[in-house]
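These notes concern the structure reproduced below.
The values are calculated or read from the model by the stated rules, or taken from the named source; none is laboratory data. Predicted, not measured: the structure shown is a model, and the values here were computed from it. All Cβ positions, glycine included, derive from the backbone under ideal geometry; neighbour counts span all protein chains shown.
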Amino acid sequence: MRITVLVTAKRNPDLDGAACAIAYAELLREEGYDAAPLVDGNPDAEARFALDETGWARPAVSMSASEIVLVDASDVVGLPDAVSAERVVEVIDHRQHHDAERLFPRARIQIEAVGAAATLVAERWRAAARRPRGSTALLLQAAIQSNTQRLRGSVTTPRDLDAAAWLAGIAELPDGFVEGQFAARAAEIVADVDAALSRESKRFDHPEGSYVVAQLELPGAVGLVDAVAAADLARTERVMVNLVDVDSARSLLLIWDSAFRRWVAARLGVTFTGAGAECSPAVLRKQIVARLRGDAS
């Protein structure tokens, strides 16, 4: 069967991206479209855990789709090779900083400030008066849990809470599932901190100089301070590492470049003790970047 709509996140997606691709493609099929999800490359360890636990098998997908939907993505960086901007007809994301209207001129854009893109996809299901399969509901719940630090992080909105509750009414996450997904993520990070930092780093442009923000979210994140400080990335100018502890819903911002540290402190209103500044509740990269750009208070 020829696929006419391909739903995809970025290459090597995290759990939010993988769950949204699977769930939104399923909804489109329910609505009569010839749609399939693309989970491209190697999903991260947390996504692999959730996909395995819910029994999802990656289908063989034709790359000849005439239309493409992006989920949990609104930039051209890191997209699968099969994706061309001119074929993107819809973008569903939750970034606070984007240029999607220019990058994807054909697309209908939904980018809203919720904790997880999975919340937006769950809302699409509810608006259509349909219910996803149980395994799909579990994936969407797990993604919301992941992106909101167990529904306790500062990005959590009433919409995230409502979506998670609605999905739990379809299929409730088994005991230990959320702990297992975070443990899988933590094990991958701890096994190779340098690789994790490289994978989770993003560069941002600014009139006063570009900068890099790396973000590691895991239980007991503050225990990685020494390993992060010893990483190659820590010796690079204008780099911030955001260690997000999903147990305490707090984060630790680490900056070793003193000039960049002063610049960030003035714009974020945080106080550094040495290289670190604690934030409670946790702040995430999208919030940090929005504030550094002057887009949010």
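When segment 185-221 is filtered for residues that are hydroxyl-bearing (S, T, Y), closer than 22 Å to R291 by Cβ and either surrounded by fewer than 17 Cβ atoms within 10 Å (Cβ to Cβ) or within 16 Å of the chain's Cα centre (by Cα) (or both), the ones remaining, listed by number, are S201, S210. So, A107, is that one of a type in the set (A, V, I, L, M, F, W, C), farther than 19 Å from L216 by Cα and touching a residue at least 12 places away in the same chain (Cβ under 8 Å) or not? In short, yes.
In segment 154-167, the residues that are closer than 13 Å to V121 by Cα and crowded, with 20+ Cβ neighbours inside 10 Å reach residues that are among the hydroxyl-bearing types (S, T, Y) and at pLDDT below 95 with C-beta atoms within less than 8 angstrom, at least six apart or across chains, in these pairs: D160/T148.
For S74, state whether it is in the same structural domain as R106 (by TED's automatic domain parsing) and free of Cβ contacts under 8 Å to residues at least 60 places away in the same chain. Spelling it out, S74 is indeed in the same structural domain as R106 (by TED's automatic domain parsing) and free of Cβ contacts under 8 Å to residues at least 60 places away in the same chain.
The set of residues from segment 129-155 being over 16 Å from I22 (Cβ atoms) and either over 13 Å from the mean Cα position of the chain (by Cα) or among the aliphatic types (A, V, I, L, M) (or both) comprises A129, R150, L151, R152, G153, S154, V155. Under the condition of being within 22 Å of P43 (Cα to Cα) and among the β-branched types (V, I, T), the residues counted in segment 200-240 number 1. Among the helices (runs of 4 or more DSSP H) contained in segment 90-169, which hold 1 or more residues that are in contact with a Ser or Thr (Cβ under 7 Å, 6 or more places away or on another chain)? So the answer is 100-103, 134-147, 158-168. Please find, within segment 82-100, the residue that is nearest to V289 (Cα to Cα) out of those that are under 20 Å from the mean Cα position of the chain (by Cα) and at pLDDT 90 or above. Only one residue fits best here, namely H94.
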